[in-house]
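What follows is one structure encoded as structure tokens, with my remarks underneath.
The values are calculated or read from the model by the stated rules, or taken from the named source; none is laboratory data. Keep in mind the model is a prediction, meaning the values are calculated, not measured. Positions of Cβ are generated from backbone atoms using ideal geometry, with glycine treated the same way; all protein chains shown enter the neighbour counts. The accessibility values were calculated without ligands, DNA or RNA, using every heavy atom of the protein model including side chains. Shrake-Rupley method; radii C 1.70, N 1.55, O 1.52, S 1.80 Å.
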Amino acid sequence: MSEQQQTRSSRIRGTGRRRKEPSARTKAATVTAWAAAGAVLLGGTGLGYVYFKLNGNLKAVDINTQLGGDRPDDVDNGSLDILVLGSDSRSGDNAKYGEDEGGARSDTAMVMHVYEGHKKASLVSIPRDTLITRPTCTSDTGGGTVPGGEQRMFNTAYQVGGPACAVKTVEKMSGIRMDHYVEVDFTGFKKLVDDLGGVEITTTRSINDDKSHLDLKPGTHTLDGEKSLALVRTRKSVGDGSDLGRIQLQQAFMKALINQVKDVGVFTSPKKLYDLADSATKTVTTDSDLASVNDLVAFAGGLKGIGPGDMKMVTLPVRYDPADPNRVLPLQRQSKRVWDALRQDKPVPASATKGSAGDRGGAGKVVQSQ
């Protein structure tokens, strides 16, 4: 293990340096809070079989080894950066959500930045249709390299090179080293919401989407896992019909999920807690630094008492591609201001996203949390 890897590993174990326990927003917003929370409480009960069961559920990718030294510096300012992806694979249990085209793509991509002190966080959504310069990556299908190039869709990075290529692409875009990687798939997301008892939202207008099969009237609804998944996949029937509107729905759903977590007796119901922990640890794929219950225990220390009001959610500043309205291009100067703010552990300035197409998706007020 290199000196740099040893340093990074030691931070997970609570040395007080950069890898402090992250805020609840980081985990709740990605649903994986419950993997960590479940591990914390169940791990303390003395039920050894629970520990081994949850540990056996976890899947991991060794990002550090795959990327080696070709990465941004690990800035030691007490903050934490996590790349969160939602996989849109249509194979196996996910087949009913569309045709299997031979590979998964990153349907949802977010960079979570947890500030020093782990009391606040910013979330930057990266539209999957963003045209970017993709770096050369190692193939995800068994050796060899996949050449990079300009004007490549962001979500193809995961498709051609898996998690390591997705991380490498984000690091090249942002200049920020990702401390962790978390991936959630469709079917696991559904099960987790069902174990939680559903998520309550309020719609301000009807949503009727032929693609996601979501049909909601204006009003308050408790969405089960299937309908929650349909909501975060809805695109054509809200706002301008673009991926930017869908991102706004996803961000609204995350806030509703965080609120719901507070109202459910997870910490007083051992069965509910176990169900959530079991589903969550089956749902996620993480970097190897989080691939054990012990690491998730360390990663869960800052989960309590932080609400959605402490999280700033923005979309990477973009404009529609004049050559193809189904694609977007980064607003380079404004995007740099977003990434610079996170790298310096500062709030994202409102002016950085002003005028971005991401703020005009038209779905920002369609869904509200209670």
Additional length obtainable on full extension of the chain from Ser206 to Ser139, 0.36 nm per residue less Cα span: 19.8 nm
Relative packing of 287-295, 55-63, which averages over residues the other C-beta atoms within 10 Å, highest first: 287-295, 55-63
FRET efficiency, Glu116 to Gln368 (Cβ-Cβ, R0 30 Å, nearest 0.05): 0.45
Whole-Å distance, taken between Cα centres, linking region 148-177 and region 224-252: 23 Å
Anchor Lys336: aspartates and glutamates whose Cα lies under 15 Å away (excluding residues fewer than 8 positions away in-chain): Glu171, Asp345
Computed E for Asp310/Gln151 - FRET, C-beta separation, R0 45 angstrom, nearest 0.05: 0.75
Distance between modelled label sites at Asp194 and Asp340, nm, 7 Å Cα→Cβ extension: 4.9 nm
Region 216-257, accessible surface, carbon-and-sulfur percent (1.4 angstrom probe): 49 percent
Per residue, in Å², the accessible surface of region 151-277 once ligands and nucleic acids are set aside, probe 1.4 Å: 36 Å²
Anisotropy class of region 160-217 from Cα gyration tensor, a/c 1.5 cut: prolate
